[in-house]
Amino acid sequence: MEISLLALVDVTHNTAYTLPAYQTLALPKAPKVPEVVKESTVNSETKVVQDVEKTPKSKAEKTPKETRITRVDSYLDHVKRDTKGLLGKIRYLVADSFYAKTKFINGVVEHGLHVASKLRHDADLRWLYTGEQKAKGRPRKFVGKVCFDDLSRFDLAGKTDGQRVYTSIVNAPTLQK
């Protein structure tokens, strides 16, 4: 059983609201591929050989990716349904790294909220190019991948509870439209 947990933040009044928790809907599972059992005779011994029959799905059984209901869709509906009354009070939705997906972020932004989310530990991030552009050719946008082993390119925002907080503006290609 999975439960979706999200928090909404009102920064003007330093207040956070949690959304009601709903059990995640069970999604339809992919149909199992039937197994075909064949018998083969080799040197007067009978062996049973199992082959997986690879039958293509008929066009009626295939559903386009755009029409499938996913967990992200159900969580997005959850946000839209339960934040209608709070939209004047809140501006930010705080979410876990599971929600850092293009479909979810775009849906929440269209709903009128900003998202603060942790990214996955293996997120692909790129530095923005800020140098002088060449006279000819396409302008350079990115200069390389972000590596968290070297914090020299980050700005120190401050310290809190003995921890240093760094900040920088980078590009996340997975979150582009």
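The values are calculated or read from the model by the stated rules, or taken from the named source; none is laboratory data. Since we're looking at a predicted model, the values are computed, not measured. With ideal geometry, Cβ positions are generated from the backbone for all residues, glycine too; neighbour counts draw on all protein chains shown.
Test of understanding: among 84, 118, 103, which residue is over 16 Å from the mean Cα position of the chain (by Cα) and among the basic types (Lys, Arg)?
Result: 84 is the single residue among 84, 118, 103 that is over 16 Å from the mean Cα position of the chain (by Cα) and among the basic types (Lys, Arg).
Report the residue count in the stretch 129-147 for those that are surrounded by fewer than 10 Cβ atoms within 10 Å (Cβ to Cβ) and among the hydroxyl-bearing types (Ser, Thr, Tyr).
Of the residues in the stretch 129-147, 1 are surrounded by fewer than 10 Cβ atoms within 10 Å (Cβ to Cβ) and among the hydroxyl-bearing types (Ser, Thr, Tyr).
What residue, among those in the stretch 52-84 that are modelled with pLDDT under 75 and among the hydrophobic types (A, V, I, L, M, F, W, C), is farthest from residue 110 (Cα to Cα)?
Once the filter is applied, the top-ranked residue is 52.
Here's a check for you: in the stretch 83-139, which residue that is free of Cβ contacts under 8 Å to residues at least 24 places away in the same chain and of a type in the set (A, V, I, L, M, F, W, C) is nearest to residue 167 (Cα to Cα)?
115
Per-residue answers, yes or no, for (1) out of contact with any Lys or Arg (no Cβ under 8 Å at 6 or more places or on another chain); (2) within 30 Å of residue 15 (Cβ to Cβ):
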{"site": "68", "(1), (2)": "yes, no"}
{"site": "88", "(1), (2)": "yes, yes"}
{"site": "111", "(1), (2)": "no, yes"}
{"site": "114", "(1), (2)": "no, yes"}
{"site": "123", "(1), (2)": "yes, yes"}
{"site": "134", "(1), (2)": "no, no"}
{"site": "143", "(1), (2)": "no, no"}
{"site": "166", "(1), (2)": "yes, yes"}
{"site": "171", "(1), (2)": "no, no"}
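Only residues that are among the basic types (Lys, Arg) and closer than 20 Å to residue 96 by Cβ: list them for the stretch 118-177, please.
118, 120
Residues of the stretch 95-124 being surrounded by fewer than 16 Cβ atoms within 10 Å (Cβ to Cβ) and of a type in the set (A, V, I, L, M), which ones?
Answer for the stretch 95-124, where residues must be surrounded by fewer than 16 Cβ atoms within 10 Å (Cβ to Cβ) and of a type in the set (A, V, I, L, M): 109, 116, 119, 123.
Consider only pairs whose beta carbons are under 6 Å apart and that are at least six residues apart or on different chains; among these, list those whose first residue lies in the stretch 156-167 and is loosely packed, with under 11 Cβ neighbours inside 10 Å and whose second residue is among the small types (Gly, Ala, Ser).
167/157
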